[in-house]
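Notes follow the structure.
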Amino acid sequence: MSQKIRAIKGMEDLFEEQSVKIWQRVESEARCLFEAAGFQEIRTPIVEETALFERGVGETTEIVEKEMYTFLDRNDKSLSLRPEGTASVVRAFIEHFTDHQVQEGRFYYIGPMFRYENPQKGRYRQFHQIGLECFGQDHPGLDAEMIFLLDQFLRCLNVHDFELKINSLGSSECRQAYLAALKEYFSEHRFQLGEEDQRRLERNPLRILDSKDPTSQTVIEGAPHLRDFLSEETQTHFLAVQEFLKNLGVPFTVDSRMVRGLDYYEKTVFEFVSTELGAQNSIAGGGRYNRLVKSLGGPVVPAVGFALGMERLTSLLSAEKLGLKNLPKVFFAALDEDSEKYFASKLPEIRQLNAMTMVDWGSTSLKSKMKRAARWGAQWVLLSGESEREKSVVVVRDMESSSQEEVPAHDMIDFLQKKFS
RNA sequence: GUGGGUGUAGCUCAGUUGGUUAGAGCACCAGGUUGUGGCCCUGGGGGCCGUGGGUUCAAGUCCCAUCACUCACCCCA
């Protein structure tokens, strides 16, 4: 019993017909929409050198510090399962695209990510993201376009109960100045902060801002605001983003305390938060990262991107809301060897039907075949046995109405084709 | 890494202050109906009560440990 091998904690099998259909729909919708917006799919390896994530995601982030699946390969090289998608795409971009005359590109990816965290509702050790990365331009219109795309994507899947929060983190220079001011402020009030927040003061004071610790709240409220440190350039950039969003009709709120967990973001950051999920309610997030390409060894190429959590998105969806329809199910029950051979000879045509078809092999009783058909959810059962072979007919049974009729065997495919066209 | 909740049949769960052989519903199989599913009736198979230890004449029930699942903190998709 306890010896049974089970899936690893936080990693799930996805097999239920309905949910698999939902995933397929989300993925095809994403491909369609994003390709229409000029993005090409990129599939990068799931394993990379550990250093890529350390340098890309940031050494002081939670992700790199304690959430990576890291191991040595047989040559003692340190490798890691990707905890997010951007670093890999940037690496690939540098490797394949930066010797072009024009250093730009638009990519999307769909695939699994891995983080060693304790699972809970909406959080898994293997989870799946759809991500977009756009290289080459530092323009507020592009930031807005990315957000617009994401908004459009959610709406075309009939998701409406979410909020969009945006903020500007400033350029690296503004952030430096702000960080210094923040550190000073929090140091002065350090003993009014919660325990965890006091520790953050050393490592990443930005994170204190979205702390939920009630003891820290009054200090946080009095903290200096990032917006007061924005340079004129980032200020106007951010205002322009908002302007574009308004013109595009994308509703948003500015959340000046929002910071994101990855080090590479600067300027515009954004997050789509569901109003109907549990504690893990962020369905997508992203922002601009103008320095990352350079810091991973490429040229100076500005970029902006986002990632969306498949598990969180699909938990908001249902087959009904998406209007997913199942193909009709047709069950072929052969009662003797002769009928079995007959159905076998028709397989190529059977598989051409616009229906889900299943041939039941083996000579069990008709009763048990009917049971299997019903359990599978067949709408139609095609029956053939000795007497049908003699008369060269098949029996077509409508499982819902329990009525059946004999159809000449040579008309069988035509008959079915008409039913399912 | 930290805290709470839950582990009894394939699934959902009962199981009294510790007391004889551990139960129900659903699902499954067979028969009623020799070639017809669902509905009905009859019967049947299935359990180391998560695992290990302890207390006791006696443990599914009490105690300790451990593992798993789950929710939450933290963090993020």
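Which residue pairs have Cβ atoms closer than 7 Å, lie 6 or more positions apart in sequence or on different chains, and pair a first residue in the range A:123-136 that is over 16 Å from A:A87 (Cβ atoms) with a second residue that is hydrophobic (A, V, I, L, M, F, W, C) and more than 8 Å from RNA strand B (Cβ to nearest atom)?
Cβ pairs passing all conditions: A:Y124/A:M11; A:R125/A:M11; A:R125/A:F114; A:Q126/A:M11; A:Q126/A:F114; A:I130/A:A30; A:I130/A:I110; A:G136/A:V301.
From the list A:E84, A:E48, which residue is assigned to a loop (DSSP other than H, G, I, E, B), open to solvent by less than 60 Å² (accessible area, probe 1.4 Å) and among the acidic types (D, E)?
A:E84
Return the residues of the range A:393-421 that are hydroxyl-bearing (S, T, Y) and under 19 Å from A:L353 (Cα atoms); say none if nothing qualifies.
Within the range A:393-421, just A:S421 meets the criteria.
Among the residues of the range A:199-239, how many are open to solvent by 50 Å² or more (accessible area, probe 1.4 Å) and assigned to a helix (DSSP H, G or I)?
Qualifying residue count, the range A:199-239: 18.
Would you check if there is a residue in the range A:169-181 being within 29 Å of A:A37 (Cα to Cα), of a type outside the set (D, E) and under 14 Å from the mean Cα position of the chain (by Cα)? Step through it out loud before you land on a result.
Here is the first cut: in the range A:169-181, the ones within 29 Å of A:A37 (Cα to Cα) are A:169-171.
This time we only want the ones that are of a type outside the set (D, E), so: A:169-171.
Right, trim to under 14 Å from the mean Cα position of the chain (by Cα) and you get none.
No, the conditions are met nowhere in the range A:169-181.
Among the residues of the range A:116-171 satisfying the criterion of being under 19 Å from A:A30 (Cα atoms) and among the small types (G, A, S), which is farthest from RNA strand B (Cβ to nearest atom)?
A:A144
Please name all residue pairs, on different chains or six or more residues apart, with Cβ atoms under 8 Å, provided the first residue is in the range A:359-386 and is basic (K, R) and the second residue is open to solvent by 20 Å² or more (accessible area, probe 1.4 Å).
Sorted first by the residue in the range A:359-386, then by its partner, the pairs are A:K369/A:L335.
Among the residues of the range A:240-273, write down those that are in contact with an Asp or Glu (Cβ under 7 Å, 6 or more places away or on another chain) and open to solvent by 30 Å² or more (accessible area, probe 1.4 Å).
A:T253, A:R257, A:G261
Yes or no, residue by residue, for (1) more than 16 Å from RNA strand B (Cβ to nearest atom); (2) open to solvent by 30 Å² or more (accessible area, probe 1.4 Å); (3) not hydrophobic (A, V, I, L, M, F, W, C); (4) not in a loop (DSSP other than H, G, I, E, B):
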residue: A:L14; (1), (2), (3), (4): no, yes, no, no
residue: A:S28; (1), (2), (3), (4): yes, yes, yes, yes
residue: A:R55; (1), (2), (3), (4): yes, yes, yes, yes
residue: A:V64; (1), (2), (3), (4): no, no, no, yes
residue: A:R74; (1), (2), (3), (4): yes, yes, yes, no
residue: A:F93; (1), (2), (3), (4): yes, no, no, yes
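Quick one: in the range A:96-115, of everything that is within 16 Å of the chain's Cα centre (by Cα) and aliphatic (A, V, I, L, M), which residue is nearest to RNA strand B (Cβ to nearest atom)?
So, considering only residues that are within 16 Å of the chain's Cα centre (by Cα) and aliphatic (A, V, I, L, M), the one nearest to RNA strand B (Cβ to nearest atom) is A:M113.
From the list A:K419, A:K367, A:K371, which residue is within 13 Å of RNA strand B (Cβ to nearest atom), under 21 Å from A:N326 (Cβ atoms), modelled with pLDDT under 95 and not acidic (D, E)? Don't jump to the end; show me each part of the working.
Details: A:K419 fails: within 13 Å of RNA strand B (Cβ to nearest atom); A:K367 fails: under 21 Å from A:N326 (Cβ atoms).
Every option except A:K371 fails the conditions.
Checking A:L292 against (1) touching a Phe, Trp or Tyr at 6+ places or on another chain (Cβ under 7 Å); (2) open to solvent by 20 Å² or more (accessible area, probe 1.4 Å); (3) of a type outside the set (S, T, Y), which single condition isn't satisfied?
The failed condition is (2).
Mind listing whichever residues of the range A:183-206 are among the hydroxyl-bearing types (S, T, Y) and closer than 24 Å to A:E59 by Cα? Walk me through it before giving the result.
Within the range A:183-206, the first condition is being among the hydroxyl-bearing types (S, T, Y), and the residues that meet it are A:185, A:187.
Listed by number, the list holds a single entry, A:S187.
I'd like the residue in the range A:302-318 that is among the aliphatic types (A, V, I, L, M), open to solvent by less than 10 Å² (accessible area, probe 1.4 Å) and assigned to a strand (DSSP E or B) and, out of all such residues, is farthest from A:G136 (Cα to Cα).
Looking at residues that are among the aliphatic types (A, V, I, L, M), open to solvent by less than 10 Å² (accessible area, probe 1.4 Å) and assigned to a strand (DSSP E or B), I get A:L308.
Test A:Q137 against the stated conditions and say whether it is surrounded by fewer than 23 Cβ atoms within 10 Å (Cβ to Cβ) and closer than 20 Å to A:V57 by Cα.
No; evaluated as a whole, the condition is false for this residue.
How many residues does the range A:319-362 contain that are outside any helix (DSSP H, G or I), open to solvent by 80 Å² or more (accessible area, probe 1.4 Å) and out of contact with any strand residue (DSSP E or B) (no Cβ under 8 Å at 6 or more places or on another chain)?
Within the range A:319-362, residues that are outside any helix (DSSP H, G or I), open to solvent by 80 Å² or more (accessible area, probe 1.4 Å) and out of contact with any strand residue (DSSP E or B) (no Cβ under 8 Å at 6 or more places or on another chain) number 3.
The values are calculated or read from the model by the stated rules, or taken from the named source; none is laboratory data. All of these numbers come straight from a predicted model, not from anything done at the bench. When we count neighbours, we look across all protein chains shown, and the Cβ atoms used for this are built from the backbone with ideal geometry, even at glycine. Protein only, heavy atoms only, side chains kept; ligands, DNA and RNA dropped before computing areas. Shrake-Rupley method; radii C 1.70, N 1.55, O 1.52, S 1.80 Å.
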